[in-house]
1. Whole-Hz Karplus ³J(HN,Hα) for region 178-193, in order, using 6.51 cos²θ - 1.76 cosθ + 1.60 and θ = phi - 60°, x for Gly and Pro?
2. Select from region 45-90 those trypsin sites (Lys or Arg not before Pro) which occupy a DSSP coil region and have at most 15 other Cβ atoms within 10 Å, ordered by residue number.
3. Which of the trypsin sites (Lys or Arg not before Pro) found in region 101-191 are loop residues per DSSP with 14 or fewer other Cβ atoms within 10 Å of their Cβ?
4. Provide the FRET efficiency to the nearest 0.05 for the GLU252-ASP63 pair, computing r from the beta carbons and using R0 = 45 Å.
5. Compute the length gained on full extension between LYS220 and LYS178: take 0.36 nm times their separation in residues and subtract their Cα-Cα distance, giving the result in nm to one decimal.
6. Give the order of ASP174, ASP93 when sorted by the count of other beta carbons within 10 angstrom, beginning with the fewest.
7. If you take all C-alpha pairs in region 121-217, what percent of them are over 22 Å apart?
8. Once amide H atoms are placed 1.01 Å from N in the peptide plane, what residues at a sequence separation of 5 or more from CYS90, or on another chain, have their amide H within under 5 Å of its amide H?
Amino acid sequence: MRSAAVLLAITLASSLAAAPQPAKPAQSRGDIELPPLSYVCPMAGDEEVIEDKAGRCRKCGMDLVPIRLDSVWTCATRPLLVVASKPGTCPVDGTPLVQVTAAVSWICKDKPSVTALEPGRCADGSAMVKQYAARAHGNHNPQHGGQFFMAADAWHHLEGTYLPTGVFRMHLYDDFTKPLQPRLVREMKATLVTKDPRTGKETSTPLVRNGRTLQARIGKVPLPAAMHAQVQFKADGPENRFDFTFETYSKEPIVPATPTMTMAGAAPMSSAGNPAVPAASAVGGEIPSGIDPALVQLPIPDTVPEMLAQLRTRTEQIRSFIDRGSFASIYVPAFQAKDLALALDDHKNELPAERRKIAEPAISKLVRSAYLLDAFGDIGNKQQISDAYMKFVEAAKDIQAAFPQ
Ligand SMILES: [Zn+2]
Ligand SMILES: [Zn+2]
């Protein structure tokens, strides 16, 4: 049953937009910790194809290629300039580090075009150098203090910000979370729809191009401010809806005028010469106290009552993210709930037959709706998210009823 549920979930996820790529636990090889080998499709657009074994891509049939993917912490505004294994503070701008998926490989300085999947020695006897490369869809973090979504075409990404000046500004990105070329921004058509909280009357404002962004002056509406954008990436392309809820005005991360670093890599960073930059020791430190507990992964507990209690907490955390409009964060508690449901699946044989009949389909349903929440959370359509959450809650209730508390 467990494998069936996982298979169903994977098939489902693959038919939807690419999900953030969770990194698997590192494997130990002697004294070196290596991220596990995965097999990915070299075809652009097939980034969500990640298999454990070599073979053909299930989408396009191309031969999969080996890769080591790692989930690392880095500065949101300067991806992979600084790489840490734990949450911390960006030594460049003092903002909390964000998690991204990166490809890890090793190179020799004299031959940087040749990459190896394991550390080794170069021709001159020196040790090969570890490097991190950005991965398409490896970074779903806002870059300007706003709300970040991926489009249903699994290529475009965008971020809505609501500035204290009453301007809504949309930042646009490609699949690597790089700002979209102005040529492509010019092809877009978008409107912003705001709703008067008292009368319910909707107002559409066209978004106009401002450099590489699109924006509209909507004035100051009461916070929390809910609005949505209707976006066409091409004149004849489909309309995409993105729902935003701003609890506060968006704040740009403050970047010092003279960044002191130009080197990529995981080397310790010096804060000398720039008193505004926090000490490098913050990188790799403990989880900052300000972090939302809903974003923290916990080990699966040993007993069924504890699993049920954690499942209740995760269900509430998802609801709170939906209420706050933090759609891009939903996947964290959703995937934790999915793992809890699969752990409970291992205990279903302890149930009497008639309860097992409730538990089995409920676990499948919860796993399925968790993947939907992840996919729809990335896309940012509130209606789809709410529908998936309704199914999730129904499944969670059945699970709670089937197992002894
Ligand atoms: Zn493919
Ligand atoms: Zn993406």
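Rule-based calculations on the coordinates, nothing more; no lab input. On a predicted model such as this, the values are computed, not experimentally measured, just so you know. Using ideal geometry, Cβ is built from the backbone for each residue, glycine included, and neighbour counts are taken over all protein chains shown.
1. Residue by residue, region 178-193 yields 9, x, 5, 4, x, 4, 6, 5, 5, 6, 7, 10, 8, 10, 10, 10 Hz.
2. Values: sites: LYS53, ARG56, ARG58, LYS59, ARG68; in loops: LYS53, ARG58, LYS59.
Those satisfying the criteria are LYS53, ARG58, LYS59.
3. Working: sites: LYS109, ARG121, LYS130, ARG135, ARG169, ARG183, ARG186, LYS189; in loops: LYS109, ARG135.
The qualifying sites are LYS109.
4. Numbers: r = 43 Å, r/R0 = 0.97.
The computed FRET efficiency comes out at 0.55.
5. Working: separation 42, 0.36 × 42 = 15.12 nm, distance 2.94 nm.
Length gained between LYS220 and LYS178: 12.2 nm.
6. ASP174, ASP93
7. Numbers: 1989 of 4656 pairs.
Here the tail beyond 22 Å accounts for 43 percent of pairs.
8. THR95, LEU97
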